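Structure, as structure tokens:
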Amino acid sequence: MPSNTLNGRTFQVDDEGFLTDPGQWSEELAADMAALVGIELTPAHMAALEFMRSDREETGSTPTLRRMNSAGGFDVKELFTLFPGKPAKKMAWLAGLPKPVGCV
Amino acid sequence: MSDSSTPLGATVTPAAPDGFVMPDFGHVDAPHAATETSPEAALGVPAGPRKMAFICSKGNLDMAYPALIMGNAALGEGIEVHIFFTFWGLDIINRRTNADLKFTMTGNTAMHMPQLGRVHDGLEHRSLPQGLGNLPGMTGMATRMMKRQMEEMEIPTVPEFLDLLQASGAHMYACRLTFEMNKIIEADLHPGVERVLSASDFIVVTNGAQIIFV
């Protein structure tokens, strides 16, 4: 299994680069990873990432955008603005979780 | 990532270290772009960001979902999505009808009841007799059943799905010919529908798109 090193921190990832051990995640790591995709983490970004992590812990699967909206109350349009392009994947990556597998 | 074309004042994105494994977020200017030497170019895939267009021509509940689900998935992958609702598919975006789309087993030979497996092993794979679908109340029952199953899977209802697509930036259109033929009024359309569009305008708008007909 590959591992990544970023600013002195080494962590295990899957073939696509998603963290495989959520325990190796930290807010500082997320901030450094976010910089790689041109995002500066604000409290709004962090709220989404934190919800993802807690929902994952609760349900065992990474929430989809739809679930971020229906269970977490996040505005989908805003998530597209905060994490442009591929919001759900980007959030899962930054939250140190596997990518979401739900269809909706 | 950044080059001389970076606009003044834009944040410069640091490059990932060598050997760093990360998902493809399509961050290069043109995601999924075919360059002159790429294998995609040899296959005739147009250069530029990927674009998908769905044509929804059916108004049954079960035929509303495929394009809504795939369109939503495509938006989540950063793909530009256009959806054209035509003929019976207009019922999907008409607010007078879209909360009440029906699922009928008539004409559907792939209709099974998983519950029958408990009565006799193997029965769950048998097609239900077509005659059943014609009995009064069967369509209502099949519709309720399907809606319940979708809800259990946390799939949104059709009106909620349109809200989700709208929030995710889908471009949705009503077909001009059938819109006029069915005497629909614009006020009845879901607010996510951008325009009533003629067939030729749809062809223009979807230049370079992968087109999926449902």
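Considered as a group, the residues in segment B:180-195 that are of a type in the set (A, V, I, L, M, F, W, C) and modelled with pLDDT of 95 or more include one that is farthest from A:LEU79 (Cα to Cα), and that residue is B:LEU189.
Scanning segment A:31-46 for residues that are under 15 Å from A:GLY17 (Cα atoms) and within 12 Å of the chain's Cα centre (by Cα) gives A:MET33, A:ALA34. Residues that are open to solvent by less than 20 Å² (accessible area, probe 1.4 Å), within 14 Å of chain A (Cβ to nearest Cβ) and within 23 Å of B:ILE92 (Cα to Cα) do occur in segment B:169-179, at least one of them. The set of residues from segment A:79-104 being open to solvent by 20 Å² or more (accessible area, probe 1.4 Å) and more than 9 Å from chain B (Cβ to nearest Cβ) comprises A:THR81, A:LEU82, A:PRO98, A:VAL101.
When residues in segment B:110-166 are screened for being touching a helix residue (DSSP H, G or I) at 6+ places or on another chain (Cβ under 7 Å) and more than 30 Å from A:PRO87 (Cα to Cα), 10 of them pass.
For segment B:21-63, a residue qualifies if it is more than 16 Å from A:LYS86 (Cα to Cα), outside the structural domain of B:ALA170 (by TED's automatic domain parsing) and at pLDDT 90 or above, and exactly one does: B:VAL21.
Each residue in segment A:33-76 was checked for being buried (at least 19 other Cβ atoms within 10 Å of the Cβ), within 13 Å of another protein chain (Cβ to nearest Cβ) and within 23 Å of B:MET153 (Cβ to Cβ), and 11 pass.
Within segment A:19-27, not a single residue is in contact with a Pro (Cβ under 9 Å, 6 or more places away or on another chain), within 10 Å of chain B (Cβ to nearest Cβ) and either open to solvent by 20 Å² or more (accessible area, probe 1.4 Å) or aromatic (Phe, Trp, Tyr) (or both). Contact map, segment A:54-82: residues that are farther than 25 Å from A:ASP21 by Cα paired with residues that are modelled with pLDDT of 95 or more and aromatic (Phe, Trp, Tyr), Cβ distance under 8 Å, separation 6+ or inter-chain. Pairs shown: A:PHE74/A:PHE51.
The values are calculated or read from the model by the stated rules, or taken from the named source; none is laboratory data. Remember, predicted model here, so these are calculated numbers, not experimental data. Positions of Cβ are backbone-derived with ideal geometry, glycine not excepted, and every protein chain shown enters the neighbour counts. To get the accessible areas, we keep the full protein, side chains included, count just its heavy atoms, and leave off ligands, DNA and RNA. Shrake-Rupley method; radii C 1.70, N 1.55, O 1.52, S 1.80 Å.
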